[in-house]
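Enquirer: Sending over a structure as structure tokens; questions will come in a sec.
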């Protein structure tokens, strides 16, 4: 069996893409649903040197042992994997390709790349799993520094439940090393298979936990960063009050301040008890109120995702027009039914009903597997769709459709108006640019006592050849509403280059000035990921 | 009745100090316990201009309306309230007095002070409640900017449970404004009465919650800061992933980057259910193990303080030589007995016993008061001692004793060795400098899944006139152990000037350089609290 190979234009493993059969079935359902003709962009041919721009620089001798200017490698590292990226990859447009890809084998290699780049003024883009959806790794002519060779769990402190891990470990590579110890990070962004520890840290990724430990930030004890000016390493601490947190400067720094090479992270015992339920709401805003009260009750659900009726229908098979709240609790220490019962009671106070009942499981059901709660019914359907979504997205892109998401966070008092205006703005844009064929849906991915993190999905017909321009109009309309309403331009997808216009309005100007000054001390040659977050 | 007046040399209200009677009783018990003669430093006379150094500058006309160079005001603002500060205040040594005290009435006044100070190169020390225990507000000749006139809750968002509050509100001033709305911040550092919102933010103070929301950091939605270069205001967000967090630059900035004038903070509904218990451990390290397992069980106790046997005896009246674990849970939403029961079960697995049983109360007991759980028995005794401790400390200082604390945080794997070495180092120092008369005790103030925040108290006989030098030797011995073991020099008491030698070794050098560069953009005249955290 040939080992799996990453797709250079689309999501994940090339051989995990939808089969021709699956794609045809999907196309048929799109035809029925939208009443439009759908034809399929053929799969692109593997890129050759001629299909790529000339490198700005060739691989210097000092970096030859671990660098490549191979066409496939350059294409694979040209983009992240947003809708825009897939459209361009499918089109064979690799104009922003890096000059070459360096894959450091150790920290000395990282330093060698930075030293050479600083001396030659060559931009360097740190590259983890390449799952950016905000243009975070796209820079023509740069050196793409792929960190996935640094993927070891170096140290395990079972007592404190913490690990020292190299930053290039992809999600499954990390979890495979933790499983024999009964440990897990349980940080499962949708990109889990194709994103790395370092990528999570650099982008403040959002993970598995719907509450409390929502961002990777909360799981960090310390970080080790190689900056062009030298090494920055913080102390392993469970908590501290000694000055502003050094880690918090690097969390979310998106590769502009240094290359994250290692971190000490807090891990978990594998959960033994789980309990979950799907709660239906005839009125969406009754569901919103229920989630608000649940999130203010300090019950700390692991899962608390409210899907509006359209999203419940399209991704969880809920056909009665209700909104679906996926509630889940888990623990390695104790049964969690009391917690779930209380959350359900709150939901019922707000008109929620639980047609499929509660699924609860514990170690008595153990077969070496994690408890099964949450794998069945509407909840299970939603989870499967969630993991496969990016592959399905690629197939839909091949049909010339627009399939993209954006997410934000705002306080509860502002959510109803924000939701209405975002929905209106996207629908107006859909009407104007896509003939009104499409929809926008909303789910909560994470919830806080003071507000939700709503995640919007857009699905629309498009004129072939105009997919990007049409999406740009929709995205601009939505982003404008977010920024005007005081919401954030991103809750866990980072800023990159794509979100810059709105991030620049969100972030205090004086903070940008301070960050620029900090960067100048760490990266005096301004080589690291220029254009991301701030201008050099 | 004359209104209460702050003590210019000691803790809190002048009229809340121990009475002559109480002081004499305390002295008698010290005589018995230590077998040493104790005589009492007389209370100092109120300072006059002649007792204070000449101001470096006089109050400029532009600031006259809200500034004072009165001797009492200058003395009151000379120090924080550490052991060192009280010894010097009692001694009438006010040599580092500020030139004058400015008390801004609004943000325009804050700006006026900063503009004048920048133009004249005069250092400015932002001053909240003045409860610093690390030399954070001590700078000879500076302008002390007292922010307590800015003390209003400006906006309440009941839906999101958040408030906009001016930074100068002292703890009780804040809570008085929240009580009519059924809300509370529930951030209760020991200094609660004499510390402000802005002081908490600037020093990353540790509060009421033993787990999860341990630092004020976790309660912040956004901040407003007046820097000499202009206003920095972040957005109110429940969560965000848009670049490094601007707030995290100012949290813990100890007045060196700007003056915090406002913040949006997450508040709580007032708790309706409480449950608590005191668990005794014959073996201290069995208690430590129990706390470790409890803190890794995601039960999120509100209180989880382990007092070693000496501390249990001296401050909670536990006379059988056991260590005391104070466990407490509270909720505004649901009974918490299940949570407490599980924590107690874990404690019992580690040999804990619960001689006084569980105290549990709910809204049925309501009399307009919060539930009573935790007010009685050993738990209650400890709480009362906690609140009165600083006044008792002052009386003991008058007897020429050494009474001081220091705290840290470290991972569980390192705690036993750290505890042993700290204890040994302090005891060796006590033997050398104090004739061995004294003790060091330890309690956990906050706990994390990956480690505890141990808080050490030192109590020792001293040669009169050598209190400060003797304490300096003890403190240096302990701090050296902390830094060598990879622990933090402070968990929630800030860095100030006193912790600088050890903080400088703890903090990555490159981070200091970056912070210095950031400061230069915000405070180009280097007027703000020079000497704290970094050198100008």
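The values are calculated or read from the model by the stated rules, or taken from the named source; none is laboratory data. Everything numeric here is computed off the predicted structure, so don't read it as measured data. So basically every Cβ, Gly included, is an ideal-geometry build from the backbone, and we count neighbours across all protein chains shown.
Enquirer: Could you tell me whether region A:183-196 includes any residue that is under 30 Å from residue B:290 (Cα atoms), away from every other protein chain (no Cβ under 12 Å) and assigned to a strand (DSSP E or B)?
Expert: The answer is yes, given that some residue of region A:183-196 is under 30 Å from residue B:290 (Cα atoms), away from every other protein chain (no Cβ under 12 Å) and assigned to a strand (DSSP E or B).
Enquirer: For residue A:138, state whether it is more than 14 Å from every other protein chain (Cβ to nearest Cβ), free of Cβ contacts under 8 Å to residues at least 12 places away in the same chain and touching a helix residue (DSSP H, G or I) at 6+ places or on another chain (Cβ under 9 Å).
Expert: no
Enquirer: So, in region B:432-453, of the ones that are more than 11 Å from chain A (Cβ to nearest Cβ), in contact with a helix residue (DSSP H, G or I) (Cβ under 6 Å, 6 or more places away or on another chain) and modelled with pLDDT of 95 or more, which residue ends up surrounded by the most Cβ atoms within 10 Å (Cβ to Cβ)?
Expert: Going through the qualifying residues, I end up with B:443.
Enquirer: Please pick out the residue among A:533, A:522 that is modelled with pLDDT of 95 or more, closer than 25 Å to residue A:141 by Cα and under 25 Å from the mean Cα position of the chain (by Cα).
Expert: Step by step, each of A:533, A:522 is checked, and only A:533 is modelled with pLDDT of 95 or more, closer than 25 Å to residue A:141 by Cα and under 25 Å from the mean Cα position of the chain (by Cα).
Enquirer: Separate question: If you go through region A:234-259, how many residues are under 28 Å from residue B:206 (Cβ atoms) and touching a residue at least 24 places away in the same chain (Cβ under 8 Å)?
Expert: First pass over region A:234-259, keeping only residues under 28 Å from residue B:206 (Cβ atoms): A:234-253.
Those left that are additionally touching a residue at least 24 places away in the same chain (Cβ under 8 Å): A:236, A:238, A:247-253.
Summing the residues that are under 28 Å from residue B:206 (Cβ atoms) and touching a residue at least 24 places away in the same chain (Cβ under 8 Å) in region A:234-259 gives 9.
Enquirer: Could I ask something else about it? Which one of A:335, A:363 is over 27 Å from residue B:209 (Cβ atoms) and either out of contact with any strand residue (DSSP E or B) (no Cβ under 7 Å at 6 or more places or on another chain) or surrounded by fewer than 24 Cβ atoms within 10 Å (Cβ to Cβ) (or both)?
Expert: Result: A:363 is the single residue among A:335, A:363 that is over 27 Å from residue B:209 (Cβ atoms) and either out of contact with any strand residue (DSSP E or B) (no Cβ under 7 Å at 6 or more places or on another chain) or surrounded by fewer than 24 Cβ atoms within 10 Å (Cβ to Cβ) (or both).
Enquirer: Just to be sure I understand, how many residues within region A:454-512 are within 20 Å of the chain's Cα centre (by Cα), in contact (Cβ under 8 Å) with a residue 60 or more places away in the chain, within 12 Å of another protein chain (Cβ to nearest Cβ) and not in a helix (DSSP H, G or I)?
Expert: 11
Enquirer: Further, regarding this structure: If you go through region B:463-505 one residue at a time, how many are modelled with pLDDT under 95 and buried (at least 24 other Cβ atoms within 10 Å of the Cβ)?
Expert: 1
Enquirer: Out of the residues in region B:7-23 meeting the condition of being surrounded by 13 or more Cβ atoms within 10 Å (Cβ to Cβ) and not in a loop (DSSP other than H, G, I, E, B), tell me which one is nearest to the chain's Cα centre (by Cα).
Expert: Initially, region B:7-23 is screened for residues surrounded by 13 or more Cβ atoms within 10 Å (Cβ to Cβ), giving B:7-14, B:16-18, B:22-23.
Among the residues that remain, those that are also not in a loop (DSSP other than H, G, I, E, B) are: B:13-14, B:16, B:22-23.
Working: B:13: 17, B:14: 20, B:16: 19, B:22: 25, B:23: 24 Å.
If we take residues in region B:7-23 being surrounded by 13 or more Cβ atoms within 10 Å (Cβ to Cβ) and not in a loop (DSSP other than H, G, I, E, B), then B:13 is nearest to the chain's Cα centre (by Cα).
Enquirer: Does residue B:174 satisfy being in a helix (DSSP H, G or I), buried (at least 21 other Cβ atoms within 10 Å of the Cβ), touching a strand residue (DSSP E or B) at 6+ places or on another chain (Cβ under 7 Å) and free of Cβ contacts under 8 Å to residues at least 24 places away in the same chain?
Expert: Criteria met by residue B:174.
Enquirer: Got a sec? Which strands (runs of 3 or more DSSP E) wholly within region A:228-295 have at least 1 residues that are within 8 Å of chain B (Cβ to nearest Cβ)?
Expert: A:230-233, A:259-266
Enquirer: Looking at the structure I just gave you, is residue A:110 outside the structural domain of residue A:224 (by TED's automatic domain parsing) and farther than 24 Å from residue A:227 by Cβ?
Expert: When the stated conditions are applied, residue A:110 does not pass them.
Enquirer: Further question on the same structure: Out of the residues in region A:412-426 that are more than 14 Å from every other protein chain (Cβ to nearest Cβ) and crowded, with 22+ Cβ neighbours inside 10 Å, which is farthest from residue A:86 (Cα to Cα)?
Expert: So the residue we want is A:422.
Condition check ((1) at pLDDT 95 or above; (2) within 21 Å of residue B:87 (Cβ to Cβ)) across all residues:
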residue	(1), (2)
B:1	no, no
B:7	yes, yes
B:12	yes, yes
B:16	no, yes
B:32	no, no
B:37	no, yes
B:40	no, yes
B:49	yes, no
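Enquirer: While we're looking at this one, here's another question. Looking at (1) free of Cβ contacts under 8 Å to residues at least 60 places away in the same chain; (2) surrounded by fewer than 24 Cβ atoms within 10 Å (Cβ to Cβ); (3) over 30 Å from residue A:126 (Cα atoms), find the lone condition where residue A:218 falls short.
Expert: Going through the list (1) free of Cβ contacts under 8 Å to residues at least 60 places away in the same chain; (2) surrounded by fewer than 24 Cβ atoms within 10 Å (Cβ to Cβ); (3) over 30 Å from residue A:126 (Cα atoms), residue A:218 breaks only (3).
Enquirer: Additional query: Could you list, in sequence order, the residues of region A:296-327 that are outside any loop (DSSP other than H, G, I, E, B) and either more than 18 Å from residue A:359 (Cβ to Cβ) or within 14 Å of chain B (Cβ to nearest Cβ) (or both)?
Expert: The answer is A:304, A:306, A:309, A:310, A:311, A:313, A:314, A:315, A:323.
Enquirer: Moving on to the next point. Residues to consider are B:429, B:409, B:347; find the one that is buried (at least 22 other Cβ atoms within 10 Å of the Cβ), modelled with pLDDT of 85 or more and more than 30 Å from residue B:502 (Cα to Cα).
Expert: B:347
Enquirer: Inside region A:63-105, can you point out the residues that are part of a loop (DSSP other than H, G, I, E, B), out of contact with any strand residue (DSSP E or B) (no Cβ under 9 Å at 6 or more places or on another chain) and surrounded by fewer than 22 Cβ atoms within 10 Å (Cβ to Cβ)?
Expert: A:91, A:92, A:93, A:95, A:96, A:105
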